[in-house]
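Okay, structure first, notes after.
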Amino acid sequence: MDRLTMEHLLWIIPMAPLAGSVIIGLLCALSPKRGSFPSRTFVAMVACLGPLTSFVVACGVFLALGKSSTVATIHQTLFSWISCGTFSIDFAFEADRLTAVMIMFVTFVGTLIHVYSIGYMGHDKGYARFFSYLNLFLAAMLVLVLGSNLVLMFLGWEGVGLCSYLLIAFWFDDEAKAIAGKKAFIVNRIGDFGFVLGIFLIFTTLLKSGPASLEFSFLAAHANVLAPVATVAALLLFTGAVGKSAQIPLYVWLPDAMAGPTPVSALIHAATMVTAGVFMVARMHFLFDLAPFAGQVVATVGIATALVAAFIGFAQNDIKKVLAYSTVSQLGYMFIAVGAGAYGAGIFHVFTHAFFKACLFLGAGSVIHALHEEQDIRRMGGLLKKLPVTGTTFLIAWLAICGIPPFAGFFSKDEILWSVFNTWGTYGKVLWFLGLFGAGCTAFYMSRLVFIAFFGENRTPSPAREKIHESPAIMTIPLVILAFGSLAVGFFGVPAALGGSNLFWEWLLPVFGAHEVHAEHATEYLLMSLSVFAALSGILIAYVKYMRKPFIAAEPRGIAAFAAGAFYVDELYRRVLINPLVALARVLLFRVVDVVLIDGTINGIAKAASVAGSLIRTLQTGSVRTYLYYLGAGAAFLMVVVYLGRW
Amino acid sequence: MSTNAHVGLAIVIFFIGVFGILVRRSAFFYLMSIELMLNSANLLWVAFARNRGDLDGHVYAFFIMALAAAEACVGLSIIVLYYRKRRSVVLNRAREMGK
């Protein structure tokens, strides 16, 4: 596979899942007897074929880029999308080394999760609809990643948002789940508004110095033109990332998004979509490089999110909620990295996180499946013995997220901490320390989850207890593959200090440029051992607290209750933002603008027509004679006008 | 006779027709008044044709005669029907079209 061949095949990557989505969706909608046709086997085959095709082509792209020069890109223009005067936007895909990494893991993890879903959703009546949405999501995500300009990226950005909404509210007959879907959609709108403003700002700034384009290559080449507005533009774009990647203050939608089916949580709300914000910042790195203040804001928001989400994670008892807050927290780490300019480290964490978090979520799904929709860890316990495969894979992913070497999470998290330690002097050191503390917290809440759910005595009430069974192979095989990934993918980024050659960093070097770090290996060893120490102490505290004595479910008190209620941020938003907005809408927008202005105008026009009609109607008497009088009067009037006016 | 005299005569005849319609109530007088107005128009056609020295106006005069004959035929039929229904040819009370 050489580069020129791939230039003709790039379109397949997003279009294969799209085709799957359309085929399944149409067959499902057109089938005369709901549910009988298309058959489940057929749907499963089509649904998995699309992502698999994309994965194969993505591998081709990756290999082709590996053989080309380091700055080479693969570009394919499909058609001119928007054309207006000198301004035009092509529907074009472009793959550079950053994109290649993204499409590789998105399609790989995506394919595995599709396979897993065959088992997990096996008994659901919305089987075909589920796979249609899931394929559509993958297509949108790949458009987001592959789009060669900001507008096409935004198309994918909105597409994944739509699919996220559709899949969170997948079981829409449960009102709470439908509301969770709406919440995700609306909260994302706030962020997307900032994103759009950022695009506008970039475009208008570029217009001042001649013809403008929104192609990434053009933007990167004209970054100096953007310098005066770089901070504002970067912060506006980051607003979009805050919404999509669930950072403070817009993270509230992600925990609620757990209402969706668990494979959705794994694919969309852990591995791929929520990392789109990190990807976007990395993609626009030339802009963030020009705006050091924006970078500091990004990193500060990141560390705040990482810690707050970790604290909330301490007290959650729903297995998916713990993982959701863990995702929010890990996304915070990614933003610390990209904020500090260590884009490679951020993307590396995106990459490793996709494996171990997908593994954790799918493992949680397997547990929920085995326990017949039980999600409360207080009613689990001892699952390692009952579910050996799920349990083992979960433990591997747990070690990965805790940052125990040589699991994947250790390398990526350590690289983030190492990068931030060497940036911004004292402030970087503060961020590093907080990040280290956060890593300990991560290890604690994840260990708490593992010890309560997988060790000790089983506390599942009967009759579900007797029916606990290991999931079928179609679910456990993806788990095993992902667990292997959680163990292995870290070795792509072994730092030089440990005798590795950091392939991942070198691969991305032509995209981001060198993030120069001048420090002693000795310092690096010290920081590494501190990270491992933090992780181990987190695990140890959890061990002492939850393993030494049999687990007793107690009502949380004091600060724990506060954390269990997610710091009541939702309640705060409801009081401070939502209720005033609703009141404003009810009083001003509804009573005044809608009823008085809009309805008044429309009804007034109708009323005026009606009154005029009733006045004119009196002229129509039905008597021929009256009409003749009118005729005579009209003729006389015209004669007078003609003779007097001399027309 | 000059063209002016012909036009004056035509105007006089036309207004006799208009006056007839406005003041009489019988449907027959309506028809007769309409005939008068049509004939005044006919007179104008012929007078101007003579003034111009060609035959075009005569052609239209023949058309109008044919039209007037047809109109009288249809009009009389309507009056007959109207009389059968109302036992009267007075049109003042016909107001159904206003309802």
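A viscosity of 1.306 mPa s and a temperature of 10 °C, combined with the Kirkwood radius over Cα pairs in Stokes-Einstein, give a translational diffusion coefficient for the protein assembly as shown of 51 µm²/s. Only Cα pairs under 8 Å and 6+ residues apart enter the sum, and on that basis the relative contact order of chain A stands at 11 percent.
With no solvent and one equal point scatterer per Cα, compute the Debye intensity ratio I(q)/I(0) for segment A:217-271 at 0.27 Å⁻¹ and report its log10, rounded to two decimals. Listed by q, the Debye log ratios stand at -1.01.
So which of A:Lys125/A:Lys177; A:Lys385/A:Lys467; A:Lys244/A:Lys357 end up more than 23 Å apart, counting from Cα to Cα? In this structure, no pair lies more than 23 Å apart at Cα. Within the shell defined by Cβ-Cβ distances under 12 Å, the residues around A:Phe172 carry a net charge of 0, with Lys and Arg each +1 and Asp and Glu each -1. For the peptide A:615-623, the mean number of other protein chain Cβ atoms found within 10 angstrom of a residue's Cβ is 3. Rounded to 0.05, the FRET efficiency of the A:Phe203 and A:Tyr568 pair, given R0 = 60 Å and the Cβ-Cβ distance, is 0.90. Taking chain A as the reference, fit the longest principal axis to its C-alpha atoms, fit the long axis of helix A:388-402 to the helix C-alpha atoms, and give the angle between the two in degrees, 0 to 90, nearest 10. The helix A:388-402 is inclined about 80 degrees to chain A. Calculated mean residue ellipticity, 222 nm, chain A: -22500 deg cm²/dmol, from DSSP H runs (n ≥ 4) at -39500 (n - 2.57) each, averaged per residue and rounded to 500. When you restrict to C-alpha pairs under 8 Å that are six or more residues apart and normalise by the size of segment B:3-98, the relative contact order lands at 29 percent. log10 I(q)/I(0), Debye, Cα-only segment B:3-98, no solvent, q = 0.12 Å⁻¹? Taking Cα atoms of segment B:3-98 as identical point scatterers yields -0.48. Rounding to the nearest 10 and keeping the result within 0 to 90°, find how far the Cα-based axis of helix A:408-421 lies from the longest principal axis of chain A. Here the helix axis deviates by roughly 80 degrees. In segment A:583-647, one over the average inverse separation of all distinct C-alpha pairs is 16.0 Å, which is the Kirkwood hydrodynamic radius. Computed from Cα atoms, the angle from the helix A:175-207 axis to the main principal axis of chain A rounds to 80 degrees.
Each of A:Phe172 and B:Leu22 was given a label point 7 Å from its Cα along the Cα-to-Cβ line. The distance between the two points is 7.2 nm.
The alpha-carbon atoms of segment A:367-481 define a convex hull whose volume equals 107 cubic angstrom per residue. From least to most packed, judged by other beta carbons within 10 angstrom and beginning with the fewest, A:Tyr643, A:Tyr629 follow the order A:Tyr643, A:Tyr629.
Between A:Ile541 and A:Val642, residue separation times 0.36 nm minus the direct Cα-Cα distance comes to 25.7 nm. Bridging of A:Lys549 to aspartates and glutamates at a Cα separation below 18 Å is possible for A:Glu457, once same-chain residues fewer than 8 apart are set aside. Hey, in the GNM for chain B with a 10 angstrom Cα cutoff, which one of B:Val46, B:Val23, B:Val89 fluctuates hardest? In this elastic network of chain B, the residue with the biggest mean-square fluctuation among B:Val46, B:Val23, B:Val89 is B:Val23.
Here the protein assembly as shown is assigned +1 on the Cβ of each Lys and Arg and -1 on the Cβ of each Asp and Glu. Its dipole about the Cα centre then comes out at about 3380 debye. Using R0 = 56 Å, the C-beta based FRET efficiency linking A:Phe491 and A:Ala608 works out to 0.10. When only the Cβ of Lys, Arg, Asp and Glu is charged (+1, +1, -1, -1), the dipole of segment B:3-98 relative to its Cα centre reaches about 680 debye.
Per-residue ellipticity at 222 nm computed for chain B from its helices equals -28000 deg cm²/dmol, with DSSP H segments shorter than 4 residues left out and the rest contributing -39,500 (n - 2.57).
Each Lys or Arg adds one and each Asp or Glu takes one away; over the other residues whose Cβ falls under 14 Å from the Cβ of A:Phe533, this sums to 0. Taking label points 7 Å from Cα along the Cα-to-Cβ direction, B:Val59 and B:Val12 give a separation of 3.2 nm.
Peptides A:74-82, A:102-110 ranked from most to least packed, by the mean per-residue count of other Cβ atoms within 10 Å: A:102-110, A:74-82.
Quick one: compute a quarter of the convex hull surface over the Cα atoms of segment A:129-253 and quote it in nm².
Here the figure is 7.9 nm², rounded to one decimal.
Ranking A:Phe562, A:Ala257, A:Cys28 by how far each Cα lies toward the positive end of the dipole of the protein assembly as shown (charges on Cβ) leaves A:Cys28 at the top.
All of the numbers you see were taken from the coordinates with simple rules; none came from a lab. All values derive from a computational prediction rather than experimental measurement. Counting neighbours? That spans all protein chains shown, and the Cβs are built from the backbone with ideal geometry, glycine included.
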